[in-house]
Amino acid sequence: MPQEKIVGQPMLRKEGVAKVCGRAQYIDDLTLPEMLYGATVRSSIARGRILGIEFGEGIPWDEFVIVTATDIPGDNEIALINHDWPCLAAEFVNHPEEPIVLLAHRDRHLLPKAVAAARVSYEEWPAVFTIEESERGEPVVWGEDNVFKSFLMEKGDVDAMWAGADLIVEGDYATGAQEHLYIENNGAIAAFSPEEGLTVWGSLQCPFYVHKSLVKLTGLAEEKVRIVQVETGGAFGGKEDYPSMIGAHAALLAMKSGKPVKIAYDRAEDMAATTKRHPSRVRHRTAVTRDGKLLGAEIEIALDGGAYSTLSATVLSRATIHAGGPYFWPSIRVRSKAFATNCPPHGAFRGFGAPQSLFAIERHMDHVAEALGLAPDELRRRNFLKTGQTTTTGQEIKENIDLDALMGRALKESGYHAKRGRFARQNAGSGMKKKGIGLASFLHGSGFTGSGERYLNSLAAMDVTTEGKPRVLVSSTEFGQGTNTILCQIAAETLGIDYEAVEMGPPDTSVVPNTGPTVASRTSMVVGKLVHSAAVGLKQTLLTSGLLQEGYTTGEFVAAARTYVAQHGALRAESRYQAPPGVHWDDQRYRGEAYAAYAWAVYVAEVTVDLATCGVEVDDFVAVQEVGRVLNPVLAGGQIEGGVAQGIGYALYEKVVLQNGHMANNQMTNYIMPTAEDVPPIHVFFEEIPFGYGAFGAKGIGELPHDGPAPAILNAIRDATGVGFRAITLLPEDLFVELAVREPVAEAAL
Amino acid sequence: MSDRLHAIRFTVNGEGRAVQVPPMKRLLDVLREDLHLTGTKEGCGEGECGACSVLLNGDLVNSCLVPVAQADGAAIDTVEGLGADERLHAVQRAFLECGGAQCGMCTPGMLVASAHLLRKNPRPDLAAIREGLNGNLCRCTGYMRIFEAVERAVSSTSANGASEGRG
Ligand code: FES
Ligand code: FES
């Protein structure tokens, strides 16, 4: 192992003391002088034309600031990929909870009454609520054909391949929506004056996304719009695009009133109105030989994108690229489409399309194995990608990978084979509790897809304060994953000084350069590398200035930096993204280097299914992964465990009930996430193979753990009951339908 | 709900406080808005998440469900009273070291619940820890490191004889 003293060590979380003392300030903890509170009047129907807005009795309306679409100075849009997402509905509504009117008042407690008294009348139009309804185009609610985006990804001669198959296995799989359920709801504060411009503070992941959106919305010059991230209480993708919406709403109220305005959603509003994970339907048709070699496949993916296109195209892209799993396919065709429905827009959620398509392939692999009479681990082993082979996009794997070893470790740590045999014997008895064990192997691409990182063209910097303290200047944000800590570790290690001596600059667009959004498992690998280069630059400047000599202490470094700033006015170094060599991507044909690197994993779940109650308990969980170098074992372990717990929720607990596009269970009492008593022991293991182009060998980690739990758990349920369930969320009532109605039988192979 | 203001007196983190507030105002809002103790968080406002956990006369309660009138004359303990900086409570230190806090939003409630658990049961086993914290939801950690932190706080307090700070 390398000799680093700070990287790879369990350094304490930078903002940890403030958090454990209750001193960390989140958006709803902040108050500005004369601040008003804002609230949102939303559509009560799924689709139609707005006929009028009536401000009803009993409310002192003259005390309220009221904003509608006509008050928007610039473009009425939340700028993302397309231009279809309005900030406020003007004439038409396309989903329940679509914002129509904004209200602000000094008394926070008066707002709910005012929202209830503002009545919008509509001419209601027919709508579509599922992938199937949207696909039939009855009616068309978006564009020509309800399709936001489609991809066709092809490798080898798929049509000719079927002739050589000994066996063809088909299967349909489906996943439901999922709510992020960050414990802190969305919120923003905006302040405006013509001289100072607009400032928005918010709970958010991507300050420059909000910046871009607000410049278009307000028509203000770029330097007149300033976005500041405050302490953010969890995000998981849920604060990637929506903060542009709530930030825009606070901004419009602040600009109209001339006073600072805070909008803080309560739980019910946050759950009903903000984005969720895209529901999916995935169809597999797979050709194999008798001895278990995958010959080829045809995969069809459909995502429900909700009413506006938002991030659906990129979610679909990741779903498409991950659809084949970590296997070598001589030929494969993936067709994918993201459909419009009249549900609130679905958005980014940890994994970003990959959990959906990996659920399908990993459930399907168990059915293929069964059809061949092979053990699930054996079929996977015979088809794992190896160094030198090509992925579904034709990308040659140049990293040193050993999926066989990951599988071996996962089987050993979980006692897979011994348990499988023992459970089979026990389950043959008449007891009502059946035990099972299942696995999933998968990959997750680190960073933006294809040319994405090149387009982002990220810039990171380091400078030193007048006291000589080095600061990391990035737009990458902390929301629990450990950005502050790992970037300071990287900087301190590179500068050769104590971790405590390095601090983070403020996540404020008027101070830090645009390092790109904090998404896509890119912070450690991509941004970390930029911070490393900037730190090298800073150190070089000091060494060549003659103020610092090799072999320095932290104190000497700080003193030299202080002197340098006093003499020159500033000390700053920047670093811009450069793609690793040999990264080529063809956006038209979807061929080439989809990601600079992949993280790899094998997860094993052990379950008990109670045939009497149809309840499933996850008894034990083993997560083995290779994410390159682990920069901080405590934070990395915590990322994996947290992702696994969310994945367990995705599989077994968290059902978003959509009724005519409206979330019917938008409360923590009826949308259930795992509690301290629900999660099994989660055993986390890392195989470390440093990646040559990441900071100190790091690859992406944040999203990976959400990909594996759902298929591993459903594979374990099949092992326990003989029933291969093909859809999540899998609630006891869904098990009841299958298990109570018919005796458990091994399902047909084809 | 009566909007008439009532004088409420209570002890918060060992200090006598008096506020003029509507009697049905939530204890959570009084702490956050009137006393500016924003360490106590709101996650759901309906008694499900435990982010608003405080001690009321030594009992663990969800302050979003307590009308402040019920706290008249009571002793309230919040995360701010546990300890700070150089004088961290054993559970605060353990959460910091074990990675028990990620985004930190559940953390104040989780710490108050952990300290309460250790006061009732100085040597909880894992099952008791899981039960003691089952009213506090954490979306980030998957709970493993929170359990580990409570276990570490147990061993550090038994090694030191007593926990530091209050709580
Ligand atoms: S805010 Fe009180 S329990 Fe969630
Ligand atoms: S640390 Fe984020 S909710 Fe617990």
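The values are calculated or read from the model by the stated rules, or taken from the named source; none is laboratory data. None of these values were measured; they are calculated from a predicted model. Reconstructed Cβ throughout: ideal geometry from the backbone, glycine too, with neighbour counts over all protein chains shown. Each accessible area value is taken on the protein alone, full model and side chains, heavy atoms only, with ligands, DNA and RNA left out. Shrake-Rupley method; radii C 1.70, N 1.55, O 1.52, S 1.80 Å.
Nothing charged except the Cβ atoms of Lys and Arg (+1) and of Asp and Glu (-1): what's the magnitude of the dipole of region A:1-90 about its Cα centre? Round to the nearest 20 debye.
Charge dipole of region A:1-90: 720 debye, to the nearest 20.
Checking buried surface per residue: for region A:160-183, which residues lose a minimum of 50 Å² accessible area in the protein assembly relative to the chain alone (1.4 Å probe)?
By number: A:Ile183.
Which trypsin sites (Lys or Arg not before Pro) from region A:385-453 combine a DSSP loop assignment with at most 12 other Cβ atoms within 10 Å?
A:Lys386
Would you work out the relative contact order for chain B, in percent, from Cα pairs under 8 angstrom that are 6 or more residues apart?
23 percent
Please find, in a Gaussian network model of chain B (springs between Cα atoms separated by less than 10 Å), the residue of B:Leu65, B:Leu133, B:Leu82 whose mean-square fluctuation is greatest.
B:Leu65
Summing -39500 (n - 2.57) over the DSSP H runs of n ≥ 4 in chain A and dividing by its residue number, what mean residue ellipticity at 222 nm do you reach, to the nearest 500 deg cm²/dmol?
Rounded to the nearest 500, the figure is -8500 deg cm²/dmol.
FRET efficiency for A:Ala90 and A:Thr669, Cβ-Cβ distance as r, R0 = 35 Å, nearest 0.05?
0.50
Would you work out what percent of the accessible area of chain A, with all protein chains in place, is carbon or sulfur (probe 1.4 Å)?
It is 51 percent, rounded to a whole number.
Can you tell which of B:Ala127, B:Ala113, B:Ala84 shows the greatest fluctuation in a Gaussian network model of chain B with Cα springs below 10 Å?
The residue with the greatest mean-square fluctuation here is B:Ala127.
What angle do you read, to the nearest 10 degrees and between 0 and 90, between the alpha-carbon axis of helix B:107-120 and the longest principal axis of chain B?
The answer is roughly 70 degrees.
Determine the distance separating the Cα centre of region A:638-683 from the Cα centre of region B:27-47; give it in Å without decimals.
About 25 Å separates the Cα centre of region A:638-683 from the one of region B:27-47.
Roughly how big is region A:559-616's charge dipole about its Cα centre, with Cβ charges of +1 (Lys, Arg) and -1 (Asp, Glu), in debye to the nearest 20?
Using Cβ point charges on Lys, Arg, Asp and Glu, region A:559-616 gives about 500 debye.
7 Å from Cα along Cα→Cβ at both B:Asn134 and A:Asn457: what's the point-to-point distance in nm?
5.6 nm
Short version: which residues of region A:4-38 lose at least 20 Å² of accessible area, all chains versus chain alone, 1.4 Å probe?
A:Leu12, A:Arg13, A:Val17, A:Lys19, A:Val20, A:Cys21, A:Gly22, A:Arg23, A:Tyr26, A:Asp28, A:Asp29
Pairs of alpha-carbon atoms within less than 8 angstrom and 6+ residues apart define the contacts here; what relative contact order does chain A have, in percent?
Here the relative contact order equals 16 percent.
Keeping the other protein chains in place, figure out the carbon and sulfur percent of the accessible area of region B:1-149, with a 1.4 Å probe.
About 47 percent, which is the carbon plus sulfur part of the accessible surface.
Do any GluC sites (Glu not before Pro) in region A:135-219 lie in a DSSP loop with no more than 16 other beta carbon atoms within 10 Å, and if so, which?
Filter output for region A:135-219: A:Glu144, A:Glu195, A:Glu196.
Can you give me the Cα centroid spacing of region A:1-45 and region B:59-101 in angstrom?
18 Å
Enter the buried accessible area of the A/B pair, total of both sides, probe 1.4 Å, in Å² rounded to the nearest 100.
The summed interface area works out to 3900 Å².
Give, rounded to the nearest 20 debye, the magnitude of the charge dipole that region B:90-160 has about its Cα centre when Lys and Arg contribute +1 at Cβ and Asp and Glu contribute -1 at Cβ.
Taking the Cα centre of region B:90-160 as origin, the dipole is about 120 debye.
Assuming a ≥ b ≥ c are the square roots of the Cα gyration tensor eigenvalues, decide whether the protein assembly as shown counts as rounded (a/c under 1.5), prolate (otherwise, with a/b larger than b/c) or oblate.
Since a/c stays below 1.5, the shape of the protein assembly as shown is classed as rounded.
For region A:345-391 and region A:495-541, compute the distance between their C-alpha centroids and round to whole Å.
With region A:345-391 and region A:495-541 each reduced to a Cα centre, they are spaced 35 Å.
Could you state the accessible area per residue of the protein assembly as shown in Å², with a 1.4 Å probe and every protein chain left in place?
Here the per-residue accessible area is 35 Å².
Which residues of region B:20-54 end up with at least 20 Å² less accessible area in the presence of all protein chains than when their chain stands alone, using a 1.4 Å probe?
Correct list: B:Arg32, B:Glu33, B:Thr38, B:Lys41, B:Glu42, B:Gly43, B:Cys44, B:Glu46, B:Glu48.
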